[in-house]
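Peer 1: Take this structure first; my questions come after.
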Amino acid sequence: SFKLLGFLDVQSVPCARESVLYGSVGSLVVGLGYFLATSRVRRSCDFAVGGFICTTLGYWFYCRYSLAQQRIRQRMLKEAVRNKILYEGSHLDPARKQTDNERNDS
């Protein structure tokens, strides 16, 4: 496995690979853009490092937030399927109660 800075296992940590890839592209864009605008080599390298850090952290937080939302939705769906299997056909089935109420109304 590939470890970034000796401790971040890029293959096993969710969102790490994408964050590093987007960070490197962001670094290239910011550094090259600043160099083309000002022709200062050292300063453009500083901006490239800053662009890498900002892009990597920005995408890291965005990806982790999306992953957390996805896990919450999966947990809710899993619970709903479990309840559907558990209550289907019983007197506690919400779908059955709804059809019983419709029959009583008419």
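The values are calculated or read from the model by the stated rules, or taken from the named source; none is laboratory data. Predicted model, so just to flag it, every value in this text is computed and none were measured. A quick note on method: Cβ atoms are made from the backbone with ideal geometry, for glycine too, and the neighbour counts reach across all protein chains shown. The accessibility values were calculated without ligands, DNA or RNA, using every heavy atom of the protein model including side chains. Shrake-Rupley method; radii C 1.70, N 1.55, O 1.52, S 1.80 Å.
Peer 1: Apply the Karplus curve 6.51 cos²θ - 1.76 cosθ + 1.60, θ = phi - 60°, to the phi angles in region 46-60 and return the couplings in whole Hz, x for Gly and Pro.
Peer 2: Ordered by residue, 3J(HN,Hα) equals 4, 5, 5, 5, x, x, 4, 5, 5, 5, 5, 5, x, 6, 4 Hz.
Peer 1: Keeping all protein chains in place, calculate the accessible area per residue for region 13-85 (probe 1.4 angstrom), answer in Å². Don't skip to the answer; put the middle values down first.
Peer 2: Values: 5550 Å² over 73 residues.
I get 76 Å² per residue for this part.
Peer 1: Mind giving me the FRET efficiency for Leu57 and Asn83? R0 is 35 Å, r the Cβ-Cβ distance, nearest 0.05 is fine. Let's see the in-between values first.
Peer 2: Numbers: r = 39 Å, r/R0 = 1.12.
So the FRET efficiency works out to roughly 0.35.
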